[in-house]
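Derivation of every value follows stated rules applied to the coordinates shown; laboratory data play no part. Bear in mind the structure is a predicted one, so any value in this text is a computation, not a measurement. All Cβ positions, glycine included, derive from the backbone under ideal geometry; neighbour counts span all protein chains shown.
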Amino acid sequence: MKHPTPTRSSRRLPKDRLEAMFHMQAELNRRIGIDTTSLPEDQQPTWILNFCRALSQEVAELVDSVPWKWWARYQTYDRDNARIEVVDLFHFLISLAQIVGLSARDVYDLYMKKNQLNFARQEQGYTHKDEHDNRRLLASGDSIAQHRRTQRQASSKRTRPRRTPS
């Protein structure tokens, strides 16, 4: 399989693997014609639906990699294809994350909080669903919004032209 020629910016990938995946996906999306990192809010619902449909199709392809027809004897497990379909899912999940304003770091931070919540729910028997639990994940210090502000401030400082004394 021939890999595309890396672009100038993909040659300097972040060392963090998840950050690198987010970087590469943003480049691919821009190449396709959609900037998932700065999509106007009025276009976000359309693209969320587009990527959800793509995810559904990839899940169907993953399902087809395993013998899901319990009544049929001819099916086999195609582990190699299953692996490819899982990776395809990551492409669309990362795109969705970018559309809703999550960076790789945001996903990691939120995943860690949600994982901790899921463990706590299991330890408590998870006898009822409390939607407020999920909302509290974002409200606790609102690290995502704070992180975004920090990123924008750092970015604007890098892009400002330097003034030279006259």
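Quick notes on this one:
- Straight Cα distances below 14 angstrom link Lys15 to none of the aspartates and glutamates, with same-chain residues fewer than 8 positions distant left out.
- For the stretch 14-145, size of Cβ-based charge dipole, Lys and Arg +1, Asp and Glu -1, in debye: 320
- Summed side-chain charge close to Phe119 - residues other than Phe119 whose Cβ falls under 13 Å, Lys, Arg +1, Asp, Glu -1: +1
- A simple packing score, the average count of other Cβ atoms within 10 Å per residue, orders the peptides 124-137, 103-116, 58-71 as 103-116, 58-71, 124-137, with the highest score first.
- Take the Cα radius of gyration of the stretch 14-145 and divide it by 2.2 N^0.38 Å, N being the number of residues; the result is 1.27.
- Whole-number percent relative contact order across the stretch 14-145, with pairs defined as alpha carbons under 8 Å at least 6 apart: 28
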